[in-house]
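Presented below is the structure to which this report refers.
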2 protein chains.
Amino acid sequence: MGKCVNHPDRETPYLCMKHQTYLCEECLECKDPKIYCKHRSACPIWFMSKRKENWDAEDKNAATAAADCTVTFQPDGQTVSVPAGSTLLEAAQAADVHVNASCNGKGSCGKCKLVVASGAVESPPTPLLTDAEKKKGYVLACQSRITGDVSVQIPEEALQKKLKIAGMGQAVTEQLSGMVTEIDPMLKQVPLTLAPPTLEDSVSDLDRLNRGLKKEGCDVNRMNVGIKVMRQLAEAVRQDNWNITASVIRRKCANEILEVRPGNGAQPSLGLAIDIGTTTIVVYLVDMTDGRVLAATAGHNRQADCGDDVINRIVCAEKNGVKKLSRMALATINSLIGEALDSAGAKADAVRNVVVSGNTTMAHLLLQIEPRYIRRDPYIPTVSEFPILKAGEIGLKANPMGAVFIMPGPASYVGGDIVSGVLYTGFHREDLTTLFIDIGTNGEIVIGNREWMMTAACSAGPAFEGGGIRWGMRAEEGAIEKITIDPHSLEPTLSTVGDAPARGICGSGMIDLIAELMRTGIVDRSGRFVDMAGKRRVRQQGDEPAYVLAFADETPMEEDIVFTASDLKNLIYSKGAVYAGFTTLLGEAGMNFSMVDRIIITGGFGQYLNIERAVAIGLLPDIDRAKFNYMGNSSIAGAYMALLSGQYRQEAREICNTMTYVDFSSNPRYMDEFTSACFLPHTDLNAFPSVATPN
Amino acid sequence: MGKCVNHPDRETPYLCMKHQTYLCEECLECKDPKIYCKHRSACPIWFMSKRKENWDAEDKNAATAAADCTVTFQPDGQTVSVPAGSTLLEAAQAADVHVNASCNGKGSCGKCKLVVASGAVESPPTPLLTDAEKKKGYVLACQSRITGDVSVQIPEEALQKKLKIAGMGQAVTEQLSGMVTEIDPMLKQVPLTLAPPTLEDSVSDLDRLNRGLKKEGCDVNRMNVGIKVMRQLAEAVRQDNWNITASVIRRKCANEILEVRPGNGAQPSLGLAIDIGTTTIVVYLVDMTDGRVLAATAGHNRQADCGDDVINRIVCAEKNGVKKLSRMALATINSLIGEALDSAGAKADAVRNVVVSGNTTMAHLLLQIEPRYIRRDPYIPTVSEFPILKAGEIGLKANPMGAVFIMPGPASYVGGDIVSGVLYTGFHREDLTTLFIDIGTNGEIVIGNREWMMTAACSAGPAFEGGGIRWGMRAEEGAIEKITIDPHSLEPTLSTVGDAPARGICGSGMIDLIAELMRTGIVDRSGRFVDMAGKRRVRQQGDEPAYVLAFADETPMEEDIVFTASDLKNLIYSKGAVYAGFTTLLGEAGMNFSMVDRIIITGGFGQYLNIERAVAIGLLPDIDRAKFNYMGNSSIAGAYMALLSGQYRQEAREICNTMTYVDFSSNPRYMDEFTSACFLPHTDLNAFPSVATPN
């Protein structure tokens, strides 16, 4: 039993394991996003609610209603039939029309703007559209319900954005150029000119083919061949006078001839590097002949409809079947591949090599492999090192026999994305000892060098990504990302993403905010608000103190944006979990921070992180700032390297096998370290000599 | 241009390359089996005939007629709908009811007896049924056309015959017992008890499985695993508390985990050894735990409808598609497997290992691999050494993932059946030099020892199997198989298969006959009939001399059974082709018969061969008779050995690779040897010192 986060006077049994917050029955049943529902899909409590069943029933009713409205999307003219009452966003998804919807239909990002050309749509008033936009007929796709046939226009700026994403290619190519010197794909097109048979040289067609492949350096002793190839072989070799092209896939266990085509002219050969993030999916389309990135696309993982973090995805897979989650990820991936192919003017059939990097849950869900034991003690993944698969058996938009390498992951909570990241940073080849960190809902940590590697994961919770924080949000338009507080007036100076009116606060903003609250003495080292009677920015919110970031008249929602004592507590838990992860893992390795030569930060959250402020609140250790490096999305970069190079694919397997995984869930040292880290910056101030303490 | 074999006064351009006989237009168009049609499907001329197209059209008309008659087969009650005008045999085949039809519906063997219980059937009069049988309602299934709904009874004796075939098991087990000492199947059921995971030992389920397999001696470094197994793995290992059974297939190139089942109790494990002969298919059902042959079945290859020899099968595959030929072979194989399983009370799903032995054409047709280049210069098979396939992809009645090993064959006309035969005889492991021969339509020859092997094939033509011989037939009921001719009266003493009235002459009978014709001076060394005016047994038949084996009143057909000068010429060509094969291959190896330590004769024809008579006519060499060994169906015996033993499968591959193939088709030495061998016994009498020459 605990107090409801929205109604502190109410005792309730519904505790969210993630957010460490209680919700009363009313809040559980409430659909108001401001109170609870904005995190509804992220919070396990939601799954416990009776009300949930009612919503399910409502959803079902809607689904079984007759499909009676036709929606046409211009300028390309796609049409789709959807039930009346569907949103324009749902219609767009059903029609496979790309509409930017960062918040996945929650009505908070304001990015899914469409123009209604004709027809019946009910759109509630929204502060996210300007008057000028409203006049032009703009609506938010996720908020607009279809009541009859309708024709909508995708605005120019959205189309341009699509092209701008595709244009990422050149920059990415430059960033990655030189990473791979010898291109060596899994599935090779081997052009051959065979000597025609004679009475004196009458070996079988297959032996002749193998002889040709051997000359090209293929290991024919470990070569398999399927019945399909044997059936096509006799005609294929004779059609163009013994000039042929063999498609040969190289696996760790054995090679295989997948296809034999007449003729041996050059064919376009493309590859895909895919990073399946829990939130964002990134796709690079690569020319396999020279390593150029022809197009790069990114989009929200549609699985987000089933929850923000991997635990909720697994829960959803247990409830609805793993196939559903697989299809959702594939919908995003294939739509991104389609965009990339379109912008490069290429066909899916030319894609014969794919590398997928993702955490263990993402990999299991994509392949429809049972994920349920990932979240149950003792946290066992079904597969760590995946065999090379075929694109067709996964359902990827590529040549069906295209080779797919899944980055191996050593543990349930340290996956292929981390191995891929290590591969990119290259510290597994160096003598220097590196601490590699990827902070998100899960914080993954690797420490080591060419000799050894240890890894662990700590559950930071969703606070850094806006979850469990009353006004928390992702780093999207309107998110407060930088804050300075005047020490005298306590008035803040804010900067927001896109310089839009403030709509919430994102992770980097929260770190800034806490550092400033400390510096200005608004909160003390234990995370308590100091009494600031008479200051208009510090006030009671319900029965707890809060700092007002923005007043109602400054926000599009016309509500105060506040940061409460509970929010602060959640964030301290999150940063404490991450920092305890560092110290515990170092301790397990018999090390301390002074022995770390370099810290590499990767992942989306790291991009906006102010190192100084992160040290100030005790999220990052207080060591020489020159040792910190931010290396961006290392998961996609490692996937790109493995796509082009057999050596790197082998290194990825070796990294996975070298890593010793340390489990924190039952580790008493971790519990102690966590308790010590739930201070600002830490109970042990000696560990943070450069941090000026406020009181 | 040449003279028609039936009408020697007529010049005709239609020459049969196989039978070396001409047929006039009338004979080509004629449907009378006594004149021509009894070999119709065996003779390539048939394919050249204009009339053929008309027959095709008729067949098509029949096929498109409405299916309007229902046929019920008792005692099991199978029913089938067929067009009016179909034969009962066709109906039985459509209903998958086993009816013994040795002659494949030619109306000559009299074995397809059924009893019409009720309904409308038109059966022409036949001498192959006794009056008592006719009274009981017996008809010949192949001669009886259905005109309305009909119910037929399969006679008791036919049902018993089925069981008698299945009873072969014990005898075969005794014959093969001791051949394999260590059983080592391709697809192994590996029972495992895995240690349940803990936080300290948290490797993935797949790694845990591989760890278990490694303990059992499996090479997990070369282990592949498909997405299906990864999807079933998590549940399978947990369902029975980490007791599981893994199905692991061992291939030359790599191993693969095919399935994981909960529980690790013993499961029935069966295997099949299959010999696909051009004429006869033999199936052994084997207990893989102890090597016992549980059942053995044999039947006519249904492909025989498309011609008796491999060339005609290939022609038919080019015309009708290779799928059709594959389905025909599979129909026979699967029906035989079904019989074997029934008699052993086993299920197809328990069959997880299969070895198939057959000549190169049979293997290609079964697998639907293009066979057309086998019969075209330079005679190239598509595949010599087949990878291990799965029963499901071939269509065999077995567990779909059952492993199928196809015996490798070194050349287009020396196939896996010969390799299998060599494996069984074991001379590839011995110092003695062995000449291995398998005489049929094609004569295959291997010479060698543990150091080396040479092989070749010679086209003997179908004469030994009754083809191209006016009264030739297979060794079926009524076939003359032994003959003695009184040197004074020239009257023969005949013995027939089954002691039935003579209906024709089979291969062993012909060899006897020629030896006797030589001994009694009826023919001279050059194969000419000596003038025997006044002897009633030697007379003119058309414009050529002939020996009368039986007069019309002694035969069921009420016609004279004669052996003409043309028949003799065909047989001399056949035996000359085989003997020339021996001498040419020995010559290529720099050897002569005195250096041969042993001659092994295998194959169905060899079983009835009188060695002394075969030497007398110059088919076999005149060497110490003690050197001759008959070893039966060595192809199925070798398949049985390879089924049980990995060592033998490896030896089969080595035999195939060791063999040097010598092509005779353009070999001038062979042409010379053939010419010399077209005498009785040979132009070089020194080679046949023991043969008393008649004149």
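The values are calculated or read from the model by the stated rules, or taken from the named source; none is laboratory data. Please read all numbers here as calculations on a predicted model, not as lab measurements. We place every Cβ from the backbone using ideal geometry, glycine too, and count neighbours over all the protein chains shown. Only protein heavy atoms, including side chains, enter the accessible area calculation; ligands, DNA and RNA are left aside. Shrake-Rupley method; radii C 1.70, N 1.55, O 1.52, S 1.80 Å.
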> What gaps in nm, shortest first, separate B:Pro262 from its twins in the other copies when you place the label 7 Å past Cα toward the beta carbon?
Replying inline: 5.3
>> Need the per-residue list for the range B:192-233: every residue with at least 40 Å² less accessible surface in the complex of protein chains than in the chain by itself, probe 1.4 Å, sorted by number.
In response: B:Leu199, B:Ser202, B:Ser204, B:Arg222, B:Asn224, B:Ile227, B:Met230, B:Arg231
>> Let me make sure I get this right: for the range A:618-695, a, b and c are the square roots of the gyration tensor eigenvalues over alpha carbons, sorted descending. Under 1.5 in a/c it's rounded, otherwise prolate if a/b > b/c, else oblate. Which is it?
In response: oblate
>> Please compute the modelled spin-label separation between B:Gln650 and A:Ala195, points set 7 Å along Cα→Cβ, answer in nm with one decimal.
In response: 3.1
> What accessible area per residue, rounded to a whole number of Å², is obtained for the protein assembly as shown using a probe radius of 1.4 Å?
Replying inline: 39
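State the dimensionless ratio Rg/Rh of the range A:270-406 (Rg: radius of gyration of Cα atoms; Rh: Kirkwood radius).
On the way: Rg = 14.7 Å, Rh = 15.0 Å.
On the Cα set of the range A:270-406, Rg over Rh gives 0.98.
Any number yet on Rg/Rh for the range A:434-479, C-alpha, Kirkwood? Show your work: numbers first, answer last.
Details: Rg = 14.4 Å, Rh = 12.2 Å.
Over the Cα atoms of the range A:434-479, Rg/Rh equals 1.18.
Could you give the C-alpha radius of gyration of the protein assembly as shown expressed as a fraction of 2.2 N^0.38 Å, taking N as the number of residues it contains?
Values: Rg = 41.5 Å, N = 1390, 2.2 N^0.38 = 34.4 Å.
In units of the 2.2 N^0.38 Å rule of thumb, it is 1.20.
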> What angle do you read, to the nearest 10 degrees and between 0 and 90, between the alpha-carbon axis of helix B:416-425 and the longest principal axis of chain B?
Replying inline: 80
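Sort the range A:368-461 into rounded, prolate or oblate with this rule: let a ≥ b ≥ c be the square roots of the eigenvalues of the Cα gyration tensor; rounded if a/c is under 1.5, and if a/c is not under 1.5, prolate when a/b is larger than b/c, oblate otherwise. All intermediate terms of the calculation are to be shown ahead of the outcome.
Details: a/c = 2.35, a/b = 1.37, b/c = 1.71.
Oblate is the answer for the range A:368-461, as a/c is 1.5 or above yet b/c matches or exceeds a/b.
Taking the Cα centre of the range A:187-262 as origin and charging only Cβ (+1 Lys, Arg; -1 Asp, Glu), how large is the dipole, in debye to the nearest 20?
On the way: 13 positive and 10 negative charges, 84 e Å.
In total the dipole reaches around 400 debye.
Starting from the Cα gyration tensor of the range B:393-545, take the square roots of the eigenvalues, sort them a ≥ b ≥ c, and report rounded, prolate or oblate (rounded when a/c is under 1.5, otherwise prolate if a/b is larger than b/c, else oblate). Write down the numbers at each step before the final one.
Values: a/c = 2.87, a/b = 1.95, b/c = 1.47.
Since a/c reaches 1.5 and a/b is larger than b/c, the shape of the range B:393-545 is classed as prolate.
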>> Principal axis extents for chain A, Cα atoms only, whole Å, descending order, please.
In response: 104, 68, 43
> How far apart are the B:Gly148 label points across copies, placing each 7 Å from Cα toward Cβ, in nm, shortest first?
Replying inline: 6.9
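For the protein assembly as shown, which whole percent of the accessible surface, found with a 1.4 angstrom probe, sits on carbon and sulfur atoms?
Numbers: 25900 of 54020 Å².
Accessible surface attributable to carbon and sulfur in the protein assembly as shown totals 48 percent.
Using a 1.4 angstrom probe on the protein heavy atoms only, could you order A:His488, B:His682 from most to least accessible area? Mind showing how you got there, number by number?
Working: A:His488 145, B:His682 15 Å².
Sorted descending by solvent-accessible area, the residues read A:His488, B:His682.
Enter the buried accessible area of the A/B pair, total of both sides, probe 1.4 Å, in Å² rounded to the nearest 100. Write down the numbers at each step before the final one.
Values: alone 29040 and 28950 Å², together 54020 Å².
So the buried area, both faces added, is about 4000 Å².
What FRET efficiency comes out for the pair B:Lys134/B:Asp68, r = Cβ-Cβ distance, R0 = 35 Å, nearest 0.05? Walk me through the numbers before you get to the answer.
Working: r = 28 Å, r/R0 = 0.79.
Here the calculated transfer efficiency is 0.80.
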> Tilt of helix A:322-344 relative to the longest C-alpha principal axis of chain A, in degrees (0 to 90, nearest 10)?
Replying inline: 70
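Percent antiparallel among DSSP beta bridges with both residues in the protein assembly as shown, to the nearest 5?
70
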> Rounded to the nearest 0.05, what FRET efficiency is calculated for B:Thr493 and B:Glu558 with R0 set to 30 Å and r the Cβ-Cβ distance?
Replying inline: 0.85
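Could you give the length gained by full extension between A:Glu26 and A:Asp342, i.e. 0.36 nm per residue of separation minus their alpha carbon distance, to one decimal place? Present the calculation step by step, with values, prior to reporting the outcome.
On the way: separation 316, 0.36 × 316 = 113.76 nm, distance 4.86 nm.
Working it through step by step, the gained length comes to 108.9 nm.
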> Could you give the angle, 0 to 90 degrees to the nearest 10, between helix B:156-166's Cα long axis and the longest principal axis of the Cα atoms of chain B?
Replying inline: 60
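Rounded to the nearest 0.05, what FRET efficiency do A:Glu235 and B:Arg536 give with R0 = 56 Å and r taken as the Cβ-Cβ distance? Could you check? Spell out each step's value before the answer.
Numbers: r = 60 Å, r/R0 = 1.07.
With R0 = 56 Å, the Cβ-Cβ based efficiency is 0.40.
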> Between copies, how close do the B:Asp9 label points come, placed 7 Å along Cα→Cβ, listed in nm from shortest?
Replying inline: 12.8
> In µm²/s, what is D for the range A:187-262 at 20 °C and 1.002 mPa s, where D = kT/(6 pi eta Rh) by Stokes-Einstein and Rh is the Kirkwood radius from Cα pairs?
Replying inline: 174
>> Looking for one value pair here: nearest-to-axis residue in chain B (by Cβ) for the rotation onto A, and the distance in whole angstrom.
In response: B:Ala254, 2
> What do you get when you divide the Cα radius of gyration of the range B:413-453 by 2.2 N^0.38 Å, with N the number of residues?
Replying inline: 1.10
